[in-house]
Amino acid sequence: MNSLGLIEVESVTAALDALDIMCKSAAVEFVTWERKLGGRLVTVIVQGEISAVAAAVENAVKSCIKTPCAHAVIANPHEETRRIVETSRARIAAKLGKESK
């Protein structure tokens, strides 16, 4: 993971729209998402090369159906930041694994 892109937006629908825009506009990979306040506030995290992540986040900010509350690009994230993101990803993967059984 060379860099992380984060978009925080109101509603799951807008978060999925932002993710779709990011994945279609640059070579980025979905990592995880976090839903807060019952899904009224959602953070989507992607990863990839810094230029691709920056382009993806910029396009999502401009084109998302709702204006994001916050967005960021983190180049070369610190190990603790990577650990937090991986914990989120693993928790969601485990939950999806349990639901599919």
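We did not get these values from a lab; they are worked out from the coordinates using the rules stated. None of the values given here were measured: they were computed from a predicted structure. With ideal geometry, Cβ positions are generated from the backbone for all residues, glycine too; neighbour counts draw on all protein chains shown.
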Worksheet item: Considering only Cα-Cα distances, which of the following residue pairs are longer than 20 Å: Lys36/Lys95; Lys36/Lys62; Lys24/Lys62?
Response: Lys36/Lys62
Item to complete: Specify the residue with the greatest mean-square fluctuation among Ala75, Ala52, Ala90, computed from a Gaussian network of the chain linking alpha-carbon atoms under 10 Å apart.
Response: Ala90
Worksheet item: Build a GNM of the chain with springs between Cα atoms under 10 Å: which of Glu49, Glu79, Glu58 gets the top mean-square fluctuation?
Response: Glu79
Response to the item:
Shape descriptors of the stretch 1-77 over alpha-carbon atoms, Rg and Dmax in angstrom, are 11.0, 33
Worksheet entry | Separation of the Arg35 and Glu86 label points, Cα + 7 Å toward Cβ, nm | 2.6
Worksheet item: Once every DSSP H run of n ≥ 4 in the chain is given -39500 (n - 2.57) and the sum is divided by its residues, what mean residue ellipticity at 222 nm do you get, rounded to the nearest 500 deg cm²/dmol?
Response: -16000 deg cm²/dmol
Worksheet item: trypsin sites (Lys or Arg not before Pro) within the stretch 30-86: which are DSSP loop residues with at most 14 other Cβ atoms inside 10 Å?
Response: Arg40, Lys66
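Quick one: compute the contact order of the stretch 3-99, relative version, from alpha carbon pairs under 8 angstrom and 6+ residues apart, as a percent. Please list the in-between numbers first.
Details: 179 pairs, mean separation 36.6, N = 97.
Relative contact order here is 38 percent.
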